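Take a look at the structure below.
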Amino acid sequence: MADHTLGIIGAGNMAEAIVRGALRGGVLEGGQVLAAEPRAERREQLAGALGIATTDDNAAAGRCARVLLAVKPQVMDEALASIAGAVGDDATVISIAAGVSTARIDAALAGRGRIVRVMPNTPMLVGAGVCAMAPGARASDEDLAYVRALLGTGGTVVDVEEGMMDAVTAVSGSGPAYFFYFVEAMVAAGVAEGLPEGTASMLAGATCVGAGKLLIESGEAPATLRARVTSPGGTTQRAVESLDADGVAEALHRAVRAAAERSRQLGAS
Ligand SMILES: NC(=O)c1ccc[n+]([C@@H]2O[C@H](COP(=O)([O-])OP(=O)(O)OC[C@H]3O[C@@H](n4cnc5c(N)ncnc54)[C@H](OP(=O)(O)O)[C@@H]3O)[C@@H](O)[C@H]2O)c1
């Protein structure tokens, strides 16, 4: 096991996205990764697809110099108990679990390892994710540099304080679902206005993706870009007035607040 430098606890969707990005970006080689995963079928699939080593023994992965905790929050206590005796004092322990604090992980590991908490999102699957990263109490600059390199291949990494993680979860962790919700509604509206569904899907999806690219690449504020497509008295102005009249901005605000509250509840349970 000595040459496995990254151990993974829970090789599900997000772990796969992270490893795929790191392999693609040349930050990792398949032979450096040991992924612990309960399902034999999943282990076989990952070993075949990514060329990584797999095991059903969490402790074996927990002994690696870097450990990625990628189980669901509901099974985190069980997963931490299974590696508590294995994690080295000098290990970098990276957690992507929503709502699980570094203090809770630190307590479960009895102070072994240095913890970094990360909130990624699913566009990491296509190298266009955004991750927020918060250091635990003892995390070093080297730990943060490692995590930045590992996750940077899957998208942008933003530094935050841990106290902001519930808000991060509500904005960027859950955010892709808000976007899909919006696109679904735009497609339905386009169909209602007479477009074939395939045409409406292509127009709505490509418009949203293109607007996002314009936002990031131009570096301009969304309000500025919106003003630029809103001619006085034109079609866009009429649409935005309708959105305002229906309280869409307030509805989004309430949705983000509800997600942040749920993240706080999950963290407390
Ligand atoms: N999906 C997102 O959008 C997103 C965004 C940000 C953060 N996250 C966080 O990422 C984490 C993983 O999410 P995911 O969507 O990748 O979940 P997932 O696909 O369900 O992956 C979790 C994996 O852990 C395995 N597992 C369950 N119990 C285990 C144990 N005791 N020891 C080792 N492995 C165990 C599961 O196996 P079984 O399938 O056999 O149970 C599964 O393969 C979560 O904590 C979530 O909060 C997710």
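The values are calculated or read from the model by the stated rules, or taken from the named source; none is laboratory data. Please read all numbers here as calculations on a predicted model, not as lab measurements. Backbone-built Cβ (ideal geometry, glycine too); neighbour counts: all protein chains shown. Just so you know, the surface numbers come from the protein's heavy atoms only, side chains and all, with ligands and any DNA or RNA stripped out. Shrake-Rupley method; radii C 1.70, N 1.55, O 1.52, S 1.80 Å.
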Helix axis angle, 248-268 relative to the chain longest principal axis, alpha carbon, degrees: 10 degrees
Run a plain Debye calculation on region 163-267 (Cα atoms as equal point scatterers, no solvent) and give log10 I(q)/I(0) at q = 0.14, 0.17 Å⁻¹, rounded to two decimals, same order as the q list. -0.72, -1.02
If DNA, RNA and ligands are ignored and the probe is 1.4 Å, what is the ranking of HIS253, HIS4 by accessible area, most exposed first? HIS253, HIS4
Please list ARG228, ARG112 from largest to smallest accessible area, probe radius 1.4 Å, with all protein chains kept in place. ARG228, ARG112
What part of the accessible area of region 164-206, given as a whole %, is carbon or sulfur when the probe is 1.4 angstrom? 73 percent
As a check on your grasp of the helix formula, calculate [θ] at 222 nm for the chain: sum -39500 (n - 2.57) over DSSP H runs of n ≥ 4, divide by the residue count, round to the nearest 500. -15500 deg cm²/dmol
Rounded tilt (10° steps) of 13-24 against the dominant C-alpha axis of the chain: 80 degrees
Considering only the chain, percent of DSSP beta bridges that pair antiparallel, nearest 5: 15 percent
Relative contact order of the chain, please, whole-number percent, based on alpha carbon pairs below 8 angstrom and at least 6 residues apart. 15 percent
Across region 162-179, in residue order, what do the Karplus-derived ³J(HN,Hα) couplings come to in whole Hz, using 6.51 cos²θ - 1.76 cosθ + 1.60 with θ = phi - 60° and x for Gly and Pro? 4, x, 8, 5, 5, 5, 4, 4, 6, 8, 9, x, 8, x, x, 5, 5, 4
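Determine the order of LYS72, LYS213 by accessible area, beginning with the largest, at a probe radius of 1.4 Å. Intermediate values should be presented prior to the final figure.
Working: LYS72 140, LYS213 120 Å².
Descending order: LYS72, LYS213.
Hey, what's region 105-215 come to in accessible area per residue, 1.4 Å probe, Å²?
50 Å²
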Using a 1.4 Å probe and ignoring any ligands, DNA or RNA, find the accessible area of VAL248 and quote it in Å² to the nearest 10. 70 Å²
Dimensions of the chain along principal axes (Cα, Å, largest first)? 67, 37, 31
With Cβ to Cβ distances under 13 Å as the rule, what net charge do the other residues near ALA108 carry (K, R +1; D, E -1)? -1
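Just add up the charged neighbours of LEU151: K/R +1, D/E -1, any other residue whose Cβ is under 14 Å from the Cβ of LEU151.
+2
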In degrees, nearest ten, helix 197-218 long axis to first principal axis of the chain (Cα): 70 degrees
Could you derive backbone 3J(HN,Hα) for region 230-238 from the dihedral phi with the Karplus parameters 6.51, -1.76 and 1.60 (θ = phi - 60°), listing whole Hz in sequence and x where the residue is Gly or Pro? 10, 6, x, x, x, 5, 5, 4, 4
Hey, with R₀ at 22 Å, roughly what FRET efficiency would ALA227 and PHE180 work out to, going by the Cβ-Cβ distance, to 0.05? 0.25
Defining a contact as two alpha carbons under 8 Å apart and six or more residues distant in sequence, what relative contact order in percent does region 1-115 show? 26 percent
Of all GluC sites (Glu not before Pro) in region 176-269, the ones in DSSP coil with at most 10 other Cβ atoms within 10 Å are GLU193
Express the carbon and sulfur contribution to the solvent-accessible surface of region 57-108 as a percent, rounded to the nearest whole number, probe 1.4 angstrom. 51 percent
Just read off the accessible area of SER174 with the full protein assembly in place, 1.4 Å probe, to the nearest 10 Å². 40 Å²
